[in-house]
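The values are calculated or read from the model by the stated rules, or taken from the named source; none is laboratory data. Just so it is clear, the structure is predicted and the values come from calculations on it, not from any experiment. Glycine also receives a Cβ, built like all others from the backbone with ideal geometry; neighbour counts cover every protein chain displayed.
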Amino acid sequence: MSEIAPASTSQATEPELKNLANRTRRLLSQARYLNLATVSSDGRPWVATLEYAWFSDPLRFVYGSAVSSQHSRDVAASPRVSGSLFLAGGSAGLDIEAVDGAQFSGMCAEISGADLGRYHAAFYEALFPDDQQRAQWMLPPPSLQAPADHRLYLIEVEQWWLIDTRTWEQDRIDRRVELP
């Protein structure tokens, strides 16, 4: 079994940092779902797989969910979350260049007020680039506010790690590299 050993970007060269940034952009653009980990008020862990839109500078994720879902109840009790995104690659076998993944931690909360107007259209445009599909599935802002059953949620990413592929082929140790 592999151990997870963190690596530091402080030792990375400029080309390595550029490669890590490019991998992050590729992953954010191509991964369709994120796995969101939460913990209930009585300490039970939960993971939900969610469609998302991402925003940069600083990195944020927006997803939609019912307020009655387990992860929504968990976020209401404790806003600290973690999660992952991954690309599995399309070919049989292990293609280290095609497989990629990231893990993150941060804070999550319902989007309300002026922020709902800020994220609403962009979230649905990211999920449904086709105008007809978007018109079919987009909930109007009043359907995303109390007392309605659905909300948009914002994850503010505080830490971001990529799979560190620099030495895996040599030693098979599963490392992560934290990006600023």
Which one is modelled with the highest pLDDT, of the residues in the range 1-45 that are over 14 Å from THR165 (Cβ atoms) and among the basic types (Lys, Arg)? ARG44
If only one of ALA148, ALA88 is of a type in the set (A, V, I, L, M, F, W, C) and either modelled with pLDDT of 95 or more or more than 16 Å from the chain's Cα centre (by Cα) (or both), which one is it? ALA148
Quick one: how many residues across the range 127-140 are surrounded by fewer than 15 Cβ atoms within 10 Å (Cβ to Cβ) and in contact (Cβ under 8 Å) with a residue 12 or more places away in the chain? 1
